[in-house]
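The values are calculated or read from the model by the stated rules, or taken from the named source; none is laboratory data. Keep in mind it's a predicted model, so treat the numbers as computed, not measured. All Cβ positions, even for glycine, are placed from backbone atoms using ideal geometry, and neighbour counts span all protein chains on display.
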Amino acid sequence: MIEELFNIEKMAAGTSPVHRLDSRVKIILAFSVIIAMVAYPYSRDVFYPGIAFFLIFISLWFISGLTVKSYLKRLIMVLPFGIFIIVFQIFFKNSYYGTFTPVIDLPLGIYIYAESIEFASILLVKFLICISFIILLSSTTTMQDILKGARRLGLPPEFALVIGLMIRYLFVFAEIYNKIKNVFETRCFNAFDWNLPHKYRLRVLSYAIGTLLLRSYEQGERTYLSMLCRGYSKDTYVHLKKKSLKKTELLLVAGSLLIVVLIPAVTYFVLN
């Protein structure tokens with residue numbers, strides 16, 4: 001997963017029309033879709049705006065020139081963080097339904113309810129749409145551009161400074177991890193090689209984790225001292241030059257917000 005960090009940044013530095021858009025436009029689009037999906041009432045009707053938003057996502061992903069494989073790969077990486085919560089919903093009753101119909105009777109008095117399956121499917125649609133637009137944002141915008149866009153949209157300078165330092169140290173950590181990994185590969189060490197003694201593998205991995213943390217800490221201290229020598233202090237903020245959106249970008253933001261509002265609103269009032 002750490003190796004993917006560099007691939008994601010390389011992917012985000014593309015030259016497609018979506019990549020060249022101002023990061024503020026993409027941030028507004030992504031967050032407006034997320035808010036629209038989360039705010040939509042829990043009902044079967046959520047599939048209709050979900051399909052509409054997913055078609056918009058597919059169109060933007062196609063324009064960006066990114067592959068379907070890269071999307072699926074990143075989706076699979078994120079999926080476990082939310083899929084377990086969604087799957088567990090089928091075993092519990094929730095406040096959105098008055099009656100529950102058991103469809104499967106499991107041992108230990110556990111039931112799977114039809115209404116809970118429906119509730120889980122609604123959550124799944126919301127989750128997939130929100131995650132898809134986050135993947136689109138991170139795949140077409142570098143971390144630094146996202147930070148600049150968020151700062152121009154009103155993110156407090158303290159938050160921008162902390163997040164900027166976190167991004168810097170994240171790549172430092174990844175570089176040190178890759179060096180240790182290359183050392184292991186050079187010495188033909190494989191942590192999953194069952195022919196090696198169990199205790200030996202644990203000892204080597206423990207040393208490696210300790211070395212990784214120590215090297216990251218030492219590199220962080222050296223970076224911090226260098227920043228102090230260059231005048232960094234608690235009152236230092238990242239300077240960001242003002243940049244106005246172009247007319248086409250303003251029209252795109254207005255049109256996107258209009259579409260994002262109209263899709264769930266029309267769906268809700270037509271079907272109810």
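Residues that are of a type in the set (Gly, Ala, Ser) and within 24 Å of Met37 (Cβ to Cβ) were ranked within the stretch 122-161; the one that is surrounded by the fewest Cβ atoms within 10 Å (Cβ to Cβ) is Gly154. Residues in the stretch 17-42 that are assigned to a loop (DSSP other than H, G, I, E, B) and surrounded by 15 or more Cβ atoms within 10 Å (Cβ to Cβ): Leu21, Asp22, Tyr40, Tyr42. Before we move on, is Gly164 part of a helix (DSSP H, G or I), modelled with pLDDT under 80, surrounded by 15 or more Cβ atoms within 10 Å (Cβ to Cβ) and small (Gly, Ala, Ser)? Yes; evaluated as a whole, the condition is true for this residue. Restricting to the stretch 112-130, name every residue that is touching a residue at least 12 places away in the same chain (Cβ under 8 Å) and touching a Lys or Arg at 6+ places or on another chain (Cβ under 9 Å). Of everything in the stretch 112-130, those that are touching a residue at least 12 places away in the same chain (Cβ under 8 Å) and touching a Lys or Arg at 6+ places or on another chain (Cβ under 9 Å) turn out to be Tyr113, Glu115, Ser116, Glu118, Ile122. Taking every residue in the stretch 74-96 that is in the same structural domain as Leu106 (by TED's automatic domain parsing) and on the phi > 0 side of the Ramachandran plot and pairing it with any residue that is of a type in the set (S, T, N, Q) and surrounded by 13 or more Cβ atoms within 10 Å (Cβ to Cβ), at least 6 positions away or on another chain, yields no pair with a Cβ-Cβ distance below 7 Å.
Within the stretch 57-76, can you find the residues that are out of contact with any Leu (no Cβ under 9 Å at 6 or more places or on another chain) and under 15 Å from Cys130 (Cβ atoms)? Within the stretch 57-76, Arg74 is the sole residue that qualifies. Residue selection: Asn178 fails the criterion of being part of a loop (DSSP other than H, G, I, E, B) and outside the structural domain of Val25 (by TED's automatic domain parsing).
Residue by residue, here is whether (1) surrounded by fewer than 13 Cβ atoms within 10 Å (Cβ to Cβ); (2) more than 19 Å from Ser43 (Cα to Cα); (3) of a type in the set (A, V, I, L, M) holds:
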site: Thr67; (1), (2), (3): yes, yes, no
site: Ser70; (1), (2), (3): no, yes, no
site: Val78; (1), (2), (3): no, yes, yes
site: Gly82; (1), (2), (3): no, yes, no
site: Ile85; (1), (2), (3): yes, no, yes
site: Lys93; (1), (2), (3): no, no, no
site: Thr99; (1), (2), (3): yes, no, no
site: Val103; (1), (2), (3): no, yes, yes
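Looking only at residues of the stretch 107-116 that are surrounded by fewer than 16 Cβ atoms within 10 Å (Cβ to Cβ) and assigned to a helix (DSSP H, G or I), we find that the one that is modelled with the highest pLDDT is Ala114. From Ser226, Ser206, which residue is of a type outside the set (Val, Ile, Thr), under 27 Å from Gly164 (Cβ atoms) and either surrounded by fewer than 13 Cβ atoms within 10 Å (Cβ to Cβ) or at pLDDT below 80 (or both)? Selected residue: Ser226, the only one of Ser226, Ser206 that is of a type outside the set (Val, Ile, Thr), under 27 Å from Gly164 (Cβ atoms) and either surrounded by fewer than 13 Cβ atoms within 10 Å (Cβ to Cβ) or at pLDDT below 80 (or both).
Residues in the stretch 143-168 that are under 23 Å from Tyr224 (Cβ atoms) and not aliphatic (A, V, I, L, M): Gln144, Lys148, Arg151, Pro156, Pro157, Glu158, Phe159, Gly164, Arg168. Scan the stretch 230-249 for residues that are modelled with pLDDT of 80 or more and either surrounded by 13 or more Cβ atoms within 10 Å (Cβ to Cβ) or under 22 Å from Phe171 (Cα atoms) (or both) and the total you get is 2.
If you go through the stretch 60-82 and pick out every residue that is among the β-branched types (Val, Ile, Thr) and at pLDDT below 80, you end up with 0. Residues in the stretch 1-37 that are touching a residue at least 60 places away in the same chain (Cβ under 8 Å), within 15 Å of Leu262 (Cα to Cα) and of a type outside the set (Ser, Thr, Tyr): Leu29, Val33, Ile34, Ala36, Met37.
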